[in-house]
Amino acid sequence: MNSVIMAGGTGTRLRPLTCNIPKPLATLCGRPVLEYILDLIDHHGYNKAVMTLMYLGNKIVKHFGDSDYKGLELSYSFEDTPLGTAGSVKQAAKGFDDDFLVISGDALCDFDLTSAMKFHKKNKAIATLIVKKVEDPREYGLVASGKDGRIAAFQEKPSLAHCTTDFANTGIYILSPKVLDYIPDGKQVDFACDVFPELLRRNEPIFAYEESGYWCDIGDFKSYISCQKDMLAGKVKCDIHAINKDGVYYKGKLPQGNFAIKAPAYIGEGVTVGTNTKIEAGSVLGDNVTVGSDCKLRDCIVYDGTYISSNVSCVGSIIGKNAKLLKNSGVYECGVIGADATISEDSVVPENIKVWNNKTVPCGVELSENLQYGNTTDVLCADEGICGETNVNITPQLCVRIGASMASLSPKSVIGVGNSGSAGAKALSMAIISGILSAGGEAWDIGSCFESQFNYCMAKSGAGFGVFVESGATTSIKTVNAGGLPILRSLERKLEGAINRGEYNKARPEEFGSMSNLTPLKKMYEVELLKSANVSLEGISVQVKTSNPKIKELMNSVLSRLGCSIGNGLYLHISSDGRTAAVYSDISGYLYSEKILALLCLEKFTKGEDVAVPYASPAVIDTLAAKHGQSAHRYYDCPCDDSDRAARQLALEQPFVRDGLIMIIKLLSFLKENEYTIDDALGLVPDFSTVAREIKVNRNPSSIMKGLSGDRQKIGEGLKLKTDGGEILIRPAKLGKSIMIISESYKAETAGEICDFFSNEIKTLDNK
C-alpha cells in the first residue's frame, strides 16, 4: 500500500524552534514527530511512503538517508515552487494505481488507519476524510456529514456563530487515484479549499470517517507542550523508545544525584542534574542536557545539548538545542528560547516571549518583547579580563578567536600564553595558542603556573603581549602587556572589535605561526625568589597558608633554602593567584598587603630610589616618598594613553609591587636585616586602614561620577577625593555595571564611615 506524507510546511507558528529545522523534525519525547507517523503507517501495513518536501527538506532526507524505515520504502518529492497540499500530493503520487493514504508529517495521532481504509472501500468513496470531534472548532476546517458519513458541506475555520458541526478535518485522507484528475499540474491547489469542494459540486462519493483515537495538530507552542504531556501520561499509543519506570521515561541510565523527578517525565541519554533540583511532571529533557543545582523545571521541553546553570526556573517553556540558561535566569509559560541562544544571569523571559537562535539576553534583563533582530552580546574585557562560565560563555571556539585577534593586532610581537593548571585552563590556553598560530603569530607556551609567576615569566621572556587563562566553573582570560602589566585601553578596544567582528588574519597553510616551549622560565622565578632576600632568614619560623598547592610547595622550598623553619611562627597568607599577601603573628595580628607595600616602598625611599605602584595604592605611600625627597609614580589599571609610560617602565624593575611571594620574602629579609619585629616595622609608617567596596548600579556610571565630582571634575582613572577623615578613590568598573570605592583613613572605623557615606551617595544618585 502507498502513502504520501506532507512534510513541506514552514512551521511559521513554531519559530524560532523551526528556524533551522523543518517542523516534521521537531522532537516529541526525544524523537522527531515524523518518526511517529512512519511508525503508525508501518503498523497498518503500508510499504511505501513518499514525502513531499520544500522548506529545509534536505534535512529530512539527511535524517532518514537512503535506507528504508523499518522495511518501509522511503522516497522524496521536492517542490521547486509551492504547489499547495493537493498539488504537492499529485506530484508525489504519480504512478499510483490504487487507493492511497495522505497524512500530515507534523501532527501526532494513533488512528486506526486499517479500519479507515475498510470504511473507504466499503463505501466505494473517491475520497475519505478522517475527522475528529474537537472542543473548539474555530481553529479547524470543519466537515458536515450525514449519518452514513457522506459529506454534505465544508466550513473553513469559522466563527462560533457559524459552527454547526464539531467534526474537524485532521488532514488525513484516503484517496482514489481518480482524485488526481481533479488537480491541475504545476499550480498551487489545496484539498480543503479547492479539490474537496469541487468533488462535492460534482456529487462524487466523498465521506467522513470519525476517529476516536488521539490526534494533536502541533500548530503552536501550547499544543506542542501539551502533546508531549499526553504522551507521557499514556494518552497516545506510540513508542517513546525509552524505559518506563513508574512514569519516568529514560534512555540509557537515569542521572545520579540528590534531586527529585516527578512523573510523568522524559530524560534523554547523558543527562546530568545538580543537587536540590526539582524536575516536575510534564518535563522533557533531551540528550546531553546539563541542569545545575537548585533549579525548577515543570512542563518544559529542553532540547539536546542545552546547558542550564544553577537556580534556574523553566515553567511551561521550550528551550532549543544547545541553548544556555545562566544563573538565576527564568523562562516562563510558552516562553521559547531558540537554538544556541543564551539567557544571561538574572534575566527573565516571561510568558509568550521568544528569543531567536544565537541571540543573547544580557544580564539582569526582563524582556518585554521578542528578541529576534540585532547582534548577539559582544565579548567585552572586564576588570578581571574576558570572563564567563566555562564551556558556556568561554568556549574553545571563542579562545581560538581571541588568539587569532591578538596575533592580528600585534603581528610582530611574540605572545606568551599561560594557564592556571586546571584541565579547562589547559584546554582553553591550547585553543588560544591555536588561534595565534592560525593567524600567523608566534606563541610562547609558558605552561601551567599562577598569575604572578606568569607575569614574571612575561618580563623575562621579552614577549610583547601575554594571555593568562584561569579556569574552574568560571573562566577569566587576562590579556597583558610586557611584564604582565595592563594593556592600553585603545588596544583592548581593538581586541574586542576584532573578536566580535571576526576581523583577524587567516594565514595560508605555509604561513602558520610557530610555538616555543618556555616552561623552563618558571625555574628562573624560583631563582628570583631566592634573590629577593638580602640575608639569610635563619631563625624565622613560618607557615604558608594558601589555597594554591603550587604556591605552597614553591614557597616552602624557597623559604627552607633561605633558612626558615617551616612550622609555626608567622603565618604567611598568599592569594591563590600569588598577587597579594598578608602576614599574621599572634602578637601583632594581621599585616595586610597594603601595609607591606608601604613598608617596602619606604625601604626604597630610604635608599634614594623612587617606586612605581598601581594607581589605587594607598596615599600614605606618597606621604612617605615626600618625607624622603622621592616620588611614588603611579600607573593605571586601564591606561587610555601612554601618560604613565615612565611609571610602567619602572614597575617592570620592581616586581615586589604586584607579586605576593616576592613581597613576603622581601618583608622577611627587611625584618631580619634590621632586626625588627613586626611591631617595630609598623611603627615606621603612619597608621592607616583601607576599606574597599563595590556598588552595583543601574544608571550609566559616568552620570553618577559627574554628580559626585561636582566642580572637581577631572579626567583620570576614577575620582580621588580628600575628606576630613581621609581619602577615597571612586571609579566605575570596566563594564559599567558597578562602581568601586576604596577609602583610606588613620583607623579602620573612619575608613568604613567614609566608605558608607559615599556608598549611600552613589545609591542616591543611581536612583534619581
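The values are calculated or read from the model by the stated rules, or taken from the named source; none is laboratory data. What you are looking at is a predicted structure, and each value in this text was computed from that prediction instead of being measured. Quick reminder, even Gly has a Cβ in these numbers, built from the backbone with ideal geometry, and neighbours come from all protein chains shown. The area values use the complete protein model at the heavy-atom level, side chains included, leaving out ligands, DNA and RNA. Shrake-Rupley method; radii C 1.70, N 1.55, O 1.52, S 1.80 Å.
Worth a mention:
- Checking G466, G416, G483 one by one, the residue that is part of a helix (DSSP H, G or I) and either more than 22 Å from E389 (Cβ to Cβ) or open to solvent by 30 Å² or more (accessible area, probe 1.4 Å) (or both) is G483 and no other.
- The stretch 266-304 - residue that is assigned to a loop (DSSP other than H, G, I, E, B) and among the β-branched types (V, I, T) and, of those, most open to solvent (accessible area, probe 1.4 Å): T275
A quick yes/no check of all residues on (1) polar (S, T, N, Q); (2) under 38 Å from the mean Cα position of the chain (by Cα); (3) surrounded by fewer than 20 Cβ atoms within 10 Å (Cβ to Cβ):
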| residue | (1), (2), (3) |
| --- | --- |
| A651 | no, yes, no |
| L667 | no, no, no |
| A681 | no, no, no |
| P686 | no, no, yes |
| E694 | no, yes, yes |
| S703 | yes, yes, yes |
| K706 | no, yes, yes |
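- Failed condition for D194, given (1) open to solvent by 30 Å² or more (accessible area, probe 1.4 Å); (2) in contact with a Lys or Arg (Cβ under 6 Å, 6 or more places away or on another chain); (3) not hydrophobic (A, V, I, L, M, F, W, C): (2)
- Among the candidates S588, S576, S565, S560, residue that is over 18 Å from R634 (Cα atoms), in contact with an Asp or Glu (Cβ under 6 Å, 6 or more places away or on another chain) and of a type in the set (G, A, S): S588
- Filter result for E603 (open to solvent by 10 Å² or more (accessible area, probe 1.4 Å), in contact with a Lys or Arg (Cβ under 9 Å, 6 or more places away or on another chain), more than 28 Å from E744 (Cα to Cα) and touching a residue at least 24 places away in the same chain (Cβ under 8 Å)): no
- Close pairs from the stretch 711-738: first modelled with pLDDT under 85, partner among the aromatic types (F, W, Y), Cβ under 9 Å, at least 6 apart: G716/Y615; G716/Y636; E717/Y615; E717/Y636; G718/Y615
- Residue within the stretch 100-107 that is more than 26 Å from Y224 (Cα to Cα), open to solvent by 40 Å² or more (accessible area, probe 1.4 Å) and modelled with pLDDT of 90 or more present: no
- Scan the stretch 52-63 for residues that are touching a Leu at 6+ places or on another chain (Cβ under 8 Å) and surrounded by fewer than 18 Cβ atoms within 10 Å (Cβ to Cβ) and the total you get is 3.
- Tally of residues being closer than 27 Å to P486 by Cβ and among the acidic types (D, E) across the stretch 649-696: 3
- Sole residue being open to solvent by 30 Å² or more (accessible area, probe 1.4 Å) and within 20 Å of C363 (Cβ to Cβ), chosen from L409, L380, L398: L380
- Residue pairs whose Cβ atoms lie under 6 Å apart, sitting 6 or more positions apart in sequence or on different chains, and linking a residue in the stretch 215-239 that is over 20 Å from V336 (Cβ atoms) to a partner that is crowded, with 17+ Cβ neighbours inside 10 Å and modelled with pLDDT under 90, are W215/K132; W215/T170.
- With respect to the conditions (1) within 27 Å of K23 (Cβ to Cβ); (2) open to solvent by less than 50 Å² (accessible area, probe 1.4 Å); (3) over 22 Å from the mean Cα position of the chain (by Cα), K229 falls short on a single one, namely (2).
- Single residue of the stretch 245-255 satisfying the filter (within 16 Å of V271 (Cα to Cα) and of a type outside the set (F, W, Y)) that is surrounded by the fewest Cβ atoms within 10 Å (Cβ to Cβ): K253
- Only a single item in (1) small (G, A, S); (2) part of a helix (DSSP H, G or I); (3) open to solvent by less than 30 Å² (accessible area, probe 1.4 Å); (4) closer than 24 Å to L650 by Cβ is not met by G497, and it is number (4).
- Scan the stretch 320-359 for residues that are open to solvent by less than 30 Å² (accessible area, probe 1.4 Å), touching a strand residue (DSSP E or B) at 6+ places or on another chain (Cβ under 9 Å) and either closer than 20 Å to T390 by Cβ or hydrophobic (A, V, I, L, M, F, W, C) (or both) and the total you get is 16.
- Options S313, S317; residue that is surrounded by fewer than 23 Cβ atoms within 10 Å (Cβ to Cβ) and under 17 Å from P350 (Cβ atoms): S313
- Test: residue in the stretch 180-191 that is in contact (Cβ under 8 Å) with a residue 40 or more places away in the chain, within 50 Å of the chain's Cα centre (by Cα) and buried (at least 21 other Cβ atoms within 10 Å of the Cβ): yes
- In the stretch 533-543, the residues that are in contact with a helix residue (DSSP H, G or I) (Cβ under 9 Å, 6 or more places away or on another chain), closer than 18 Å to H573 by Cα and either of a type in the set (S, T, N, Q) or assigned to a strand (DSSP E or B) (or both): V542
- Given (1) part of a strand (DSSP E or B); (2) crowded, with 24+ Cβ neighbours inside 10 Å, number of the condition G403 does not satisfy: (1)
- Among the residues listed as E511, E526, E538, E503, the single one being surrounded by fewer than 21 Cβ atoms within 10 Å (Cβ to Cβ), in contact with a Gly (Cβ under 8 Å, 6 or more places away or on another chain), of a type in the set (D, E, K, R) and over 21 Å from G441 (Cα atoms): E538
- Exactly one residue out of S422, S429, S448 is out of contact with any Leu (no Cβ under 8 Å at 6 or more places or on another chain), open to solvent by less than 10 Å² (accessible area, probe 1.4 Å) and small (G, A, S): that is S429.
- Any hit, the stretch 81-93, residues being modelled with pLDDT under 90, within 22 Å of E35 (Cβ to Cβ), open to solvent by less than 40 Å² (accessible area, probe 1.4 Å) and touching a Lys or Arg at 6+ places or on another chain (Cβ under 8 Å): no
- Just one residue in the set S643, S593, S557, S585 is crowded, with 19+ Cβ neighbours inside 10 Å and of a type outside the set (A, V, I, L, M); that residue is S593.
- For the stretch 359-379, the criterion of being part of a loop (DSSP other than H, G, I, E, B) and in contact with a helix residue (DSSP H, G or I) (Cβ under 7 Å, 6 or more places away or on another chain) is satisfied by at least one residue.
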